[in-house]
Amino acid sequence: MDVTVAEYIRRTVLKIPRDEIKTMLQKWGFLSETQLQTINFHQIKENISQDVVQLCEENSADIKQAAVLDIIYNHIYPNKRVWSVYQMNKTVVCFSCVTGEETEFFDLTDFKKKFKRRLRSALKNVTINFREYEDNAVWIRIAWGTPYTKPNQYKTSYVVYHSQTPYVFISVSVLKSNLPLLCQNFQTYYPRPLQERNVAPENGDLRIIQENRNEKERIQRVNQEVFGDGPQPKLEFAQYKLETMFKSDPKMDVLDEKEPFRCLVKFSSPHLLESLKSLAPAGMADAPLSPLLTCIPQKARNYFKIREKKGFFPGSFVSP
């Protein structure tokens, strides 16, 4: 194993909190469970790092494996770096014909090949490593060199790219001249709403088809005004407490109870805001949605209390 690789692995292990070293090495997957059992994780970190390096020596680790461990560390501790967000201007739509239908996809293998080819065509001394995560995020680690020097593994750039979005997050240790070269490698596309993929029947009434098209355009326009173009913040639940009074004509005296009526409504989803955003385009709700639901990002909270405002007509409610 190269001395530079050994030293880089040692320094990476030293950055990890001691209680989390074993877990992170397991996520790395380069060392077997049998090898990990030989390490005393209760000793000082310097000794742990030396033991890890020795095992990596046995497995003939190279810079590729060392870079993957570094990506895992930065993915778990992203706040250790300073990030800038860039919005791509170019939009590319990719299609693949499957069973006669158009299916949109993001080809990670093709993306890797193009990214490496374009970057290395301009700068040969560069190390590029990728790792994909479940949230469709592609983490890219880049170590830059010069035409005369090898890549510096201690001054790396990190790029986090979420496919199907126009945004890319970059934590740079890169020359300004290389930044445009880095950004122009990203191709983004926006999936079309499901109903737009349906083909209108050939013998359909043109007036109905046009009316449906106009309604879809209206829903899309209203939805965009409310939620914007970009991805929504990830939120798993929103809770509403309702407090109101049943009222009737005083002459009828139907309701004797003066206590307010209270109820609790809770919305939950793995990605609540994206779910709300998709309701109107999917035909499951009218557009626009209630402001009580669409105000969540603006108010930056997910707990609300809905009370009847004094002086209003029965049934009129406001959210404080």
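The values are calculated or read from the model by the stated rules, or taken from the named source; none is laboratory data. For clarity, every value in this text was computed on a predicted model and none was experimentally measured. Virtual Cβ from ideal backbone geometry, glycine too; neighbours counted across all protein chains shown.
What the table shows:
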{"quantity": "Matching option when the condition is among the polar types (S, T, N, Q), in contact with a Phe, Trp or Tyr (Cβ under 8 Å, 6 or more places away or on another chain) and not assigned by TED's automatic domain parsing to the domain that holds Thr165, among Asn40, Asn47, Asn59", "calculated": "Asn59"}
{"quantity": "Residue in region 94-101 that is more than 22 Å from Ser163 (Cα to Cα) and either modelled with pLDDT of 85 or more or part of a loop (DSSP other than H, G, I, E, B) (or both) present", "calculated": "yes"}
{"quantity": "Single condition Gln26 does not satisfy, out of (1) more than 30 Å from Ser163 (Cα to Cα); (2) surrounded by fewer than 18 Cβ atoms within 10 Å (Cβ to Cβ); (3) not aliphatic (A, V, I, L, M)", "calculated": "(1)"}
{"quantity": "Residue within region 65-82 that is in a loop (DSSP other than H, G, I, E, B), at pLDDT below 90 and exposed (fewer than 13 other Cβ atoms within 10 Å of the Cβ) present", "calculated": "yes"}
{"quantity": "Test for Asn59: is it of a type in the set (S, T, N, Q), touching a strand residue (DSSP E or B) at 6+ places or on another chain (Cβ under 7 Å) and surrounded by 13 or more Cβ atoms within 10 Å (Cβ to Cβ)", "calculated": "no"}
{"quantity": "Residue among Leu272, Leu276 that is in the same structural domain as Arg213 (by TED's automatic domain parsing) and either exposed (fewer than 15 other Cβ atoms within 10 Å of the Cβ) or in contact with a Phe, Trp or Tyr (Cβ under 7 Å, 6 or more places away or on another chain) (or both)", "calculated": "Leu272"}
